[in-house]
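The values are calculated or read from the model by the stated rules, or taken from the named source; none is laboratory data. As the structure is a computational prediction, the values presented were derived from the model and not from experiment. Backbone-built Cβ (ideal geometry, glycine too); neighbour counts: all protein chains shown. Just the protein is used for accessible areas: all its heavy atoms, side chains included, with ligands, DNA and RNA removed. Shrake-Rupley method; radii C 1.70, N 1.55, O 1.52, S 1.80 Å.
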Amino acid sequence: MKKEILLVGGSGFLGLNLIKSLENDENYRITSVSRTRPKNLKKNKNFNFIKADFSNFNQIKKSLKKKNFNFIINFGGNINHDNKSQIEKSHFRLCSNLVRFFRKKKINLFIQAGSSMEYGSTQSPNYENLKCKPKSYYGISKLKSTQLLKDSGLNYIVLRLYQIYGPHQKINRLIPIAINQLLRNKALNVSSGVQSRDFLYIDDFIKLIKKILLSKTPLKGIYNVGSGKPFTVKQVLEKIKKLIKSGNINFNVVKMKKSETKKSYPNVKKIEKIFKWKSKIKLDAGLKKTIKFYEKN
């Protein structure tokens, strides 16, 4: 019998890659919800789409009143981190509405996309039991969502994501911006690049989600998700420049944001142990695959 998945945010970077990976898997039927239809997806018996905004509770009731799900995967939310009201609406209110709707229903697991920004100014490597000190509206909204799930009574898992990159990511994130500029032989103006970050290739993340869906392990809790190997932003940009061999990177031109943390990378031993999962794709290999995608698209 097929497991029913409700995927909120199916037209985004994470959701689209998950759908592409599972759409021909006979074990699952995916109902994808977003405000825009996922691109490049053909009709499929294992996939259906609902156009709705679940930050509006009435739209959830209207869309899902006759449906039952085994898994709720919440990848929804506005990726513009500067608009406080939009962040609150598309992250915390959306999560709150989902919890409210599913709290008394029988579901196997609620999977929430959390964020490394929940930790804020805490010392890296971040451990899951650290006291969080978020510095941004986005981090605060994500932390509120985590706390809501902890108090919900649902079987939940919060995946605190670090920098996930790869094909289909919108060109408003560090790696796609850099690739886009350098492929067009243009200059890229950036800060000093001393910030340490953890970069995880999308295929490794999707394999983790699949392991979670199949797991019989008690799941409840918070898990850091990353490669466990930090790089500075400068190192990453220089790797991209070396692979593309065009354009130019100008460091020390842009000022770092006040809310930006200089060192943000995780300890990932908990998720590696519980799910027998490790990132397999090295940064250089992941960058090559990502560059190839943007060259074609």
Over the Cα atoms of the chain, what Rg and Dmax result, in angstrom?
18.9, 56
Check: the stretch 183-286 dipole with +1 on Lys, Arg Cβ and -1 on Asp, Glu Cβ, in debye:
160
Rounded to the nearest 10 Å², what accessible area does Ser145 show when all protein chains are kept and the probe is 1.4 Å?
0
With each run of n ≥ 4 DSSP H residues scored as -39500 (n - 2.57), what mean residue ellipticity at 222 nm is computed for the chain after dividing by its residue count and rounding to the nearest 500 deg cm²/dmol?
-10000 deg cm²/dmol
For the chain, with only Lys/Arg (+1) and Asp/Glu (-1) charged at the beta-carbon, what is the dipole magnitude about the Cα centre, in debye rounded to 20?
480
Expected vector for the stretch 46-51, Karplus 3J(HN,Hα) from phi with 6.51, -1.76, 1.60 and θ = phi - 60°, integer Hz, x for Gly and Pro, equals 8, 9, 9, 10, 10, 8
Charge dipole (debye, nearest 20) of the stretch 4-128; +1 at Cβ of Lys and Arg, -1 at Cβ of Asp and Glu
920
Could you list the trypsin sites (Lys or Arg not before Pro) in the stretch 71-163 that lie in coil according to DSSP, counting only those with at most 16 other Cβ atoms within 10 Å of their Cβ?
Arg103, Lys104, Lys105, Lys106, Lys131, Lys135
Where a Cα-Cα gap under 20 Å defines reach, which lysines qualify for Lys133, not counting those fewer than 8 residues away within the same chain?
Lys84, Lys142, Lys144, Lys150, Lys257, Lys258, Lys262, Lys263
